[in-house]
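Quick one: this structure, given as structure tokens, is what I'll be asking you about.
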Amino acid sequence: MGKFFDEILVAHQSFIKKQKMFFTASAPLDGCGHVNLSPKGMDCFRVLSPNRVAYMDIVGSGNETSAHLLENGRLTIMFCAFEGPPNILRLYGKGYTVLPSHDEWQELAPHFKLQLATRQIIVADIDKVQTSCGFSVPYYEYTGERNQAQQWAEKKGIDGLEAYKEQKNRISIDGLPTALF
């Protein structure tokens, strides 16, 4: 079952900072709705305090996390060691979406290297932290970040990105609205 903590400890922060990738999981309240699990990279995650985290989210083919957070706030974030000692760290909490038009954006944006494709910042208030063994997670070697998202965004341009978000990021696959509109 692992060990549970009420906050993100300094050792947890150190582990998080070393990871090149993490995963987010969210789901609608409707039991027939789709669970969303998304990989994230690009040095976009920040621990803001022992009980608050945020990550920069870029435009993608969907916006499930935003829709689920707007509906019920539930969010799980998972880090796992692909190098060094085995470890899995999960952060459980309630999250919300911060858009460039929100007042809180000015406070959060300096924590990140924003990109043209940055669509929102996801903030989560963490109420439970879990560590577990990770013995079955394989080793992987990090060789670098992909640059396709930035290239794609530059090709689309600001107007093209807004049109794309309107078309692809307005509602979830289950028909829930996102925070973007």
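Only one of these conditions is not met by LEU29: (1) hydrophobic (A, V, I, L, M, F, W, C); (2) farther than 19 Å from ASN87 by Cα; (3) within 16 Å of the chain's Cα centre (by Cα). Which number is it?
Against the list (1) hydrophobic (A, V, I, L, M, F, W, C); (2) farther than 19 Å from ASN87 by Cα; (3) within 16 Å of the chain's Cα centre (by Cα), LEU29 comes up short only on (3).
OK, next. Return the residue satisfying two criteria in turn: it lies in the stretch 149-181 and is in a helix (DSSP H, G or I) and buried (at least 16 other Cβ atoms within 10 Å of the Cβ), and of such residues it is nearest to the chain's Cα centre (by Cα). Before the answer, list the steps.
Narrowing the stretch 149-181 to residues in a helix (DSSP H, G or I): 149-168.
Going one step further and asking which of them are buried (at least 16 other Cβ atoms within 10 Å of the Cβ), we end up with 149, 152-153, 156, 161, 164-165.
Details: ALA149: 16, TRP152: 20, ALA153: 19, LYS156: 23, LEU161: 20, TYR164: 20, LYS165: 18 Å.
Per the criteria, the residue is ALA149.
Right, next: When you go through (1) part of a strand (DSSP E or B); (2) at positive phi one by one for ASP43, which number turns out not to apply?
(1)
Taking VAL53, is it loosely packed, with under 15 Cβ neighbours inside 10 Å, under 29 Å from GLN106 (Cβ atoms) and β-branched (Val, Ile, Thr)? Steps first, please.
Details: loosely packed, with under 15 Cβ neighbours inside 10 Å: no; under 29 Å from GLN106 (Cβ atoms): yes; β-branched (Val, Ile, Thr): yes.
So VAL53 does not fit the description; no.
Among the residues of the stretch 118-145, how many are under 22 Å from THR65 (Cα atoms) and not polar (S, T, N, Q)?
From the stretch 118-145, those under 22 Å from THR65 (Cα atoms) are 118-130; that's our starting set.
Filter again for not polar (S, T, N, Q), leaving 119, 121-129.
Final tally of qualifying residues: 10.
When you scan the stretch 72-84, do you find a residue that is crowded, with 18+ Cβ neighbours inside 10 Å, closer than 25 Å to GLY144 by Cβ, touching a helix residue (DSSP H, G or I) at 6+ places or on another chain (Cβ under 7 Å) and of a type in the set (Phe, Trp, Tyr), even just one?
yes
If you don't mind, another one. Might you let me know whether the stretch 105-119 holds any residue that is of a type in the set (A, V, I, L, M, F, W, C), exposed (fewer than 15 other Cβ atoms within 10 Å of the Cβ) and over 17 Å from the mean Cα position of the chain (by Cα)?
no
So the check is Cβ under 7 Å with 6+ separation or different chains; which pairs have a first residue in the stretch 52-66 that's more than 23 Å from GLU154 (Cα to Cα) and a second one that's assigned to a loop (DSSP other than H, G, I, E, B)?
Final answer for the pair search is GLU64/SER172; GLU64/ILE173; SER66/THR178; SER66/ALA179; SER66/LEU180.
Can you list residue pairs whose Cβ atoms sit under 6 Å apart, with the first residue in the stretch 37-51 being within 10 Å of PHE22 (Cα to Cα) and the second being of a type in the set (Val, Ile, Thr)? Count only pairs 6 or more apart in sequence or on different chains.
Pairs found: SER38/THR24.
No lab work stands behind these numbers, since they all come straight from the coordinates. Computed from a prediction, not measured in an experiment: that's the story for all the values here. Reconstructed Cβ throughout: ideal geometry from the backbone, glycine too, with neighbour counts over all protein chains shown.
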